[in-house]
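First comes the structure, then the notes that go with it.
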Amino acid sequence: MASDYIIEEKKQGQALVTNQKNSNSKLLYIESYGCQMNLNDSEIVASILSNEGFNTTQNIEEADLVLVNTCSIREKAEQTVRKRLQKYNSVKNINPKMKIGVLGCMAERLKSKFLEEEKMVDMVVGPDAYRDLPNLVKTVEDGKDAVNVILSKVETYADVSPIRLNSNGVTAFVSITRGCDNMCTFCVVPFTRGRERSRDPKSIVEEANDLWKKGFKEITLLGQNVDSYLWYGGGLKKDFDKASEIARATSIDFSKLLEIVALAVPKMRIRFATSNPQDMSLDVIRSMAKYDNICKYIHLPVQTGSTRMLERMNRQHTREEYITLIDNIKNIIPNCAISQDMIAGFCGETEEDHQETLSLMENVKYDFGFMFAYSERPGTPAAKRMEDDVPLETKKRRLADIIALQQKHGLYRMEQFIGKTVEVLIEGNSKKSDAHWKGRNSQNAMVVFPKGNEKIGDFVNVKINECTSATLIGNKQ
Ligand code: SF4
């Protein structure tokens, strides 16, 4: 590795070649909110700016540049960012040369309005404009405001090697697609991340191999909608039909990509997120079943159990079709864990619709879930065409019903592991005790067990003796 890179001590005495360069003299402080795509985007941003003289710092007071990668999925997420901006600006009083910028979905949603509204930022950069950061930083360093929120038809940052931030040195994200073409009526993502485009599989395999060489043992293939992955030489998914016959005939969809990556790094664990029931194919499930190194876990958002509400959300499947997909997954991979996303109180939701959500959960008994009350997002089809008519108290009560039922099912699923031995990838110290390791099994369940002579990054077999609704507890075999 080039001598310009700073060498740091890794736990257990291994040398870790950081991505911090000796020759870099400026400091970047970057905070990320929202989904895993945003976390990975921040790693791409750190890499682009590392070539512009910036190393990363965890100490905001010494930073030359402070960037916050924002989320717009719910109103609360944006309120959090506004509070952080106040914090940064109070630090700016101590460090006046500091420049502040907003990245991500809120930057894309508000665009230059952000500069007018919030006198607290110098730069606004959308998710597809990070390559322009070197120019934008020069502009703000010259004392002018800078904005670039152009959405791209081709950008996948395929050639940018992310700088792993806050990394455990064992697990890493690898983005495979950007954008989303599904216009779910409640969702702001298609407006803040643009149209779907997929990344060249060669660059995905290169990144996976590079991570393996650096000692990483698990990757998560990322996309707003991974099932929609389709490589046919570059360009938008929606233009696939216009491509040449040879391009269509040699195209690579998500099930093929899973096979390519599983074969390229056979000892590396492979996960993926986020799936979409309307686009998931049986081939994807068969690829998962075929390779031991593809983890047996699917995050399969459904949002509601009512077909009437699915229609209002513009989700292109019915309750019955979703249940058929779940049955297919369970038939092909009996020990596959499944998690959900649920929205309580979407526009027009009746008590009957809510009961259908609870009965769907009863049918699937999810391993875990991400559950929220509906939060109207400006600019979405729902905000434009539907009334946010479910009272807040009703939303809260229905959300509480869903969370309580999920906790019951989560415990039920965890109890199925008692007495069994599972393979665990050690990720670090347990939160509660340094005398215990934590790591996850193939089903993405967190496992805690007493330390022996293992080390971070080892795969070990653990016999499960007891559990909570969120953690399996056992002993190494
Ligand atoms: S699939 Fe629907 S909910 Fe998911 S990112 Fe796309 S539009 Fe949003």
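Compute the Rg/Rh shape ratio of segment 68-107: radius of gyration over Kirkwood radius, all on alpha-carbon atoms.
Rounded to two decimals, Rg/Rh equals 1.03.
Dividing the convex hull volume of the Cα atoms of the chain by its residue count, what figure in Å³ per residue is obtained? Before the final figure, lay out the partial values.
Values: hull volume 75.5 nm³, N = 477.
Taking only Cα atoms, the chain has a hull volume of 158 Å³ per residue.
Taking θ = phi - 60°, what integer Hz values does the Karplus form 6.51 cos²θ - 1.76 cosθ + 1.60 yield along segment 145-153, in sequence order, with x for Gly and Pro?
6, 9, 9, 8, 10, 6, 7, 9, 9
Once you sort the root eigenvalues of the Cα gyration tensor of segment 179-298 as a ≥ b ≥ c, which label holds: rounded (a/c under 1.5), prolate (a/b larger than b/c) or oblate (the other case)?
prolate
Taking square-rooted eigenvalues a ≥ b ≥ c of the alpha carbon gyration tensor, is segment 131-197 rounded, prolate or oblate, where a/c under 1.5 means rounded and, failing that, a/b exceeding b/c means prolate?
Here segment 131-197 falls in the oblate category.
Taking 4 °C and 1.567 mPa s as the conditions, I'd like the Stokes-Einstein D for segment 421-476 in µm²/s, using the Kirkwood hydrodynamic radius from alpha carbon pairs.
121 µm²/s
What's the Kirkwood radius of segment 95-159 in Å, using all Cα pairs?
12.1 Å
Amide H of F173 versus every other amide H placed in the peptide plane: which residues, excluding those fewer than 5 positions away on the same chain, fall under 5 Å?
Here the answer is T220, since their amide H atoms fall under 5 Å of that of F173.
What does the charge dipole of the chain about its Cα centre add up to, to the nearest 20 debye, if the Cβ of each Lys and Arg holds +1 and the Cβ of each Asp and Glu holds -1?
Roughly 800 debye for the chain.
Subtract the Cα-Cα distance of Q416 and N89 from 0.36 nm times their separation in residues, and report this length gain in nm to one decimal.
Additional length available on full extension: 112.7 nm.
Work out the length of the dipole vector of segment 158-272 about its Cα centre, built from +1 on the beta-carbon of each Lys and Arg and -1 on the beta-carbon of each Asp and Glu, and round it to the nearest 20 debye. Please list the in-between numbers first.
On the way: 18 positive and 14 negative charges, 65 e Å.
Roughly 320 debye for segment 158-272.
Go through segment 105-112 residue by residue and turn each phi into a ³J(HN,Hα) via Karplus (6.51, -1.76, 1.60, θ = phi - 60°); whole Hz please, and just put x for glycine and proline.
5, 5, 4, 5, 5, 8, 6, 5
What value, in deg cm²/dmol to 500, does the helix sum -39500 (n - 2.57) over DSSP H runs of n ≥ 4 give at 222 nm once divided by the residues of the chain?
Helices in the chain give a 222 nm mean residue ellipticity of -10000 deg cm²/dmol.
Per residue of segment 280-290, in order, report the coupling 6.51 cos²θ - 1.76 cosθ + 1.60 (Karplus, θ = phi - 60°) as ³J(HN,Hα) in whole Hz, putting x for Gly and Pro.
Whole-Hz 3J(HN,Hα) from phi for segment 280-290: 6, 9, 5, 4, 5, 5, 5, 4, 4, 5, 6.
Using modelled backbone amide H atoms (1.01 Å from N, in-plane), which distant-in-sequence or interchain residues come within less than 5 Å of N69's amide H?
Here E31, S32, Y33, L103 satisfy the definition.
Please work through the chain and write down the cysteines that have no neighbouring cysteine Cβ at a distance under 4.7 Å.
For the chain, the answer is C35, C71, C105, C180, C295, C336, C347, C467, because their Cβ atoms have no other cysteine Cβ under 4.7 Å.
For segment 216-292, run through the GluC sites (Glu not before Pro) and keep only the ones in DSSP coil with at most 13 other Cβ atoms within 10 Å of their Cβ.
In loop regions of segment 216-292 (DSSP not H, G, I, E or B), there are no sparsely surrounded GluC sites (Glu not before Pro).
Starting from segment 143-178, pick out the trypsin sites (Lys or Arg not before Pro) whose DSSP state is loop and whose Cβ has at most 13 other Cβ atoms within 10 Å.
K144
I need the shape label for segment 171-394. Rule: rounded when a/c is under 1.5, else prolate if a/b > b/c, else oblate, with a, b, c from the alpha carbon gyration tensor.
Because a/c hits 1.5 or more and a/b exceeds b/c, segment 171-394 counts as prolate.
Probe radius 1.4 Å, ligands and nucleic acids left out: which of K431, K119 has the largest accessible area, and how do the rest follow?
K431, K119
As an exercise, identify the trypsin sites (Lys or Arg not before Pro) in segment 198-288 lying in DSSP coil whose Cβ has no more than 10 other Cβ atoms within 10 Å.
Answer by residue number: K267.
Report W212's accessible area, 1.4 Å probe, all protein chains in place, as a number in Å² to the nearest 10.
Using a 1.4 Å probe on the heavy atoms, I get roughly 90 Å².
Order F191, F417 by their accessible area, 1.4 angstrom probe, all chains in place, largest first. Could the numbers behind the result be given before it?
Values: F191 75, F417 30 Å².
Ranking F191, F417 by accessible area, largest first, yields F191, F417.
Could you tell me which of L133, T350, N166 has its Cα farthest along the dipole of the chain towards the positive end, charges placed at Cβ (Lys, Arg +1; Asp, Glu -1), taken about the Cα centre?
N166
Each label point is 7 Å from the Cα along the Cα-to-Cβ direction; what then is the distance between the points at L358 and K144, in nm?
Going from the L358 label point to the K144 one covers 6.0 nm.
Collect residues whose amide H, placed 1.01 Å from N in the peptide plane, falls under 5 Å from the amide H of I163; neighbours closer than 5 in sequence don't count.
Hits under the 5 Å cutoff: I44, A46, S47.
The values are calculated or read from the model by the stated rules, or taken from the named source; none is laboratory data. Bear in mind the structure is a predicted one, so any value in this text is a computation, not a measurement. No Cβ is skipped: glycine too gets one built from the backbone with ideal geometry, and neighbour counts run over all protein chains shown. All accessible areas refer to the heavy atoms of the entire protein, side chains included, with ligands and DNA or RNA removed. Shrake-Rupley method; radii C 1.70, N 1.55, O 1.52, S 1.80 Å.
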